[in-house]
Every structure is written in C-alpha cells, then in structure tokens.
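Written below as structure tokens is the structure these notes are about.
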Amino acid sequence: MSQVSAVPVAGAPSVPTIPFGQLAPWALFFGLLGTLVLFFVSTDQGAVSLLAGTAIHEWVHDGRHLLGYPCH
Amino acid sequence: MTARAFLIRGLIAGLVAGIATFFVAYSVGEPHVETAIALEESGTAAEEAPTDASHDHGDEAAGGHSHTHSHSHGDEGEDTEVSRDSQRTWGLLTGSLAVGLALGGIVALVAAGTIGRMGRLQPGQSTALITLLGFVAFALVPFLKYPANPPAVGSGDTIGDRTALYFGFVVVSVLTAVAATYVALRLRNRLGTYGGVVAGAAGYLAVMVVAGQLFATVNEVGDFPADTLWFFRRASLFTLATMWGVIGVVLTGLVGRLYAAQTERAQRRALAASL
Ligand SMILES: [Zn+2]
C-alpha cells in the first residue's frame, strides 16, 4: 500500500545538493569563528584564559550558567 | 541554494533565537540564579534551605539585588566587577545573542551540507532534522550527564577538570551523532528508512551509555537546597530548548521558502523553454 510513496512524483524536481567544495571555505571560516564565539561565552577566563582578566567571564556569567556550561 | 544563502538564514534564525533565549532565561532562570547567589553569599545553604514550598523566588528578584557577584579564582590579578543588574540583563543578553548567532550559523552550514543527501527529505525537512540532532547531541545528552549548576554549586578548584569533562563529553556526543547519522543513511539503502533510523539511533544510544559510564561523575552539590537546584536545572533546560527550538523553527521556515522560491523559478524557466 505504500508502494505509491516510494515512486517519485512525476515532474517533481530532485532535491539539489551543494557541492562540498563550494561549502568548505564557508564551513571552515564560520566554523572557526563560531567556535571561538562559543568558547568566549562558555569557557574563557574560567578553566582556560585566552584573554587576561575576568571581564568577559563576569559579563556573560549568567548566560554561562543558564546555558549549562561549567562556571563556578 | 548556496552556502551563503544558508549562512545568512542561519544568522537570522540565531538572532531571533538569541533574543527569545534571553527572555526565557531572564524570566524563568534568573529568579533561581538570584536565590542561589543569596545562598552563596550567606554561606549557610543548609540553614536557609526552605522548609515549605511556598517561598517565593519572585520576591527576591524583584527586591533588586545590586550586589556584585564575582569569582575568587585566586591568582588572577585584577578582578573586574560587573554588577548583578548588568549580569542578569545586558550580560545575559550578550551571551544569548552570541551563542544564538554562532549556533545558528553553524547549524545552517551543516544543514547546507546535508540537503539532498538525506534520503528523500526535502531541504526544509533535513534542516529540521539536523537542528533536532544538534539539540540532542550538543545540548540535551551532555546536560543529562553534566547538568547545569547554579552559582554556589561547584568548587573553583575543580573548574579545569569539570570543563575538560564537559567538553570532552560534548565532543564524543557530537562525533557519535555524526557517525550514527552517516551509518543510518548508508544502512537505509539495505534496511529501508525504518531499519536505518533504528540502527543509527541505537548505535548512538549504545555509545553514549558506555561513554556516560566511563566519564567521571561530578557531584559538588553538597547541601544546596534540592528544590532550588531542580528549578535552576529545569530553567536551564528550558533555556537550551528555546535556543535550539527557535533556531530549528526559523531556519526550517526560511530554508523551506528559499527552496520553494527556487523550485518555482526553475519551473517557470522550464515552462518558458518548452513554449
Ligand atoms: Zn558562576
């Protein structure tokens, strides 16, 4: 009975893909940038310090706790 | 359908998610953060443990604590003091927006790489699935092993170990989820969609149960009141669910519209060519 759904609808376009080669520079650039941002909110000036001081830690402190990252 | 189009939509979804996350975290989570800080500063968590369920966290928050809350990490030279008022408003908003934009962009680029590569799923559908898998692997499962802790729970001396354990577990979870998804898609050809999905999910579950046993347990709760701890952790889960839920809903909607527009253009072009 589910035979019908297995056959692609006539005329329906196949789903396009994005070539990995086209995606790679975007993924690399934003992957690094996004990871760095996540690091500053979640970890910096706690267990590891990329920047000196405690300003970032104190400023995003409540977000760090409520988003589930180790803080205290 | 380009990487750029996905990234832009991911950032939009992340921005909306960050704003929504701030409001949920502020209204649902902050009252319990304030309670925890009050307990921490009184230093008598055990004595202050509420004996009835009628104590009101709202009063505390509304009372307008203006004391600062800073960590004593010891060897760091200058301690920057940020007022509690700033921490729970602009500070929380900054963190929510930053995490929302970062996650939104990353999720969108992963979704971009999977469209047309996840069986017969349409772009919007595979985007929704990727966001759901991201929530489970990056937020929910790590939370089950290492749940969020309010201020006053956790010793400053163990922050290094706890951070390494937490992110170690996150890395294991995300890599396992990626592998399980890949295996599910491969097995789908032989076992069908049902068999492939069940096999992939079971594989992820099996690995994470073993990892959960191998990773050390962290328990620094001490005599912190159980109800405040639960309220805080529940609020933290709501916060994470809001973040990922809004990213998923907005990004899925935007990707669906993008694909619909492109399909319509292609059909119109095909029609014009056939005339
Ligand atoms: Zn803290």
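Quick look at the numbers
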read-out	value
Residue of B:G196, B:G160, B:G95 that the Gaussian network model of chain B assigns the largest fluctuation, springs spanning Cα pairs under 10 Å	B:G160
Within 10 Å of each Cβ in B:159-166, the average number of Cβ atoms from other chains	5
Sparse-neighbour loop sites [trypsin sites (Lys or Arg not before Pro); segment B:111-171; at most 16 other C-beta within 10 Å; DSSP]	B:R117, B:R120
Heavy-atom accessible area ranking, 1.4 Å probe, most first, across B:E81, B:E40	B:E81, B:E40
Share of Cα-Cα pairs in segment B:112-162 lying beyond 12 Å, as whole percent	72 percent
Exposure of B:R233 as accessible area (Å², to 10), given a probe of 1.4 Å and all protein chains	50 Å²
Largest to smallest accessible area among B:V99, B:V218, B:V209 [probe 1.4 Å]	B:V209, B:V218, B:V99
Average beta carbon contacts from partner chains per residue of B:256-266, 10 Å cutoff	1
Solvent-accessible heavy-atom area per residue, rounded to whole Å², over segment B:156-219 at 1.4 Å	61 Å²
Against the rule of thumb 2.2 N^0.38 Å, how large the Cα Rg of chain B comes out	1.21
Gain in span if fully extended, B:R4 to B:L144, counting 0.36 nm per residue against the direct Cα distance	46.9 nm
Pairwise centroid distance, computed over Cα atoms, of segment B:158-192 with segment B:26-40, Å	32 Å
Surface/4 of the Cα convex hull for segment B:153-233, nm²	6.8 nm²
Chain B: angle of helix B:92-114 to the longest principal axis, Cα-based, in degrees nearest 10	30 degrees
Cα convex hull volume per residue for the protein assembly as shown (Å³)	163 Å³
Average projected area [Cα convex hull, segment A:21-65], square nanometres	3.6 nm²
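The values are calculated or read from the model by the stated rules, or taken from the named source; none is laboratory data. All figures in this text were calculated on a predicted structure; none of them were measured in a lab. Cβ coordinates were reconstructed from backbone atoms using ideal geometry, including for glycine residues, and neighbour counts include every protein chain displayed. All accessible areas refer to the heavy atoms of the entire protein, side chains included, with ligands and DNA or RNA removed. Shrake-Rupley method; radii C 1.70, N 1.55, O 1.52, S 1.80 Å.
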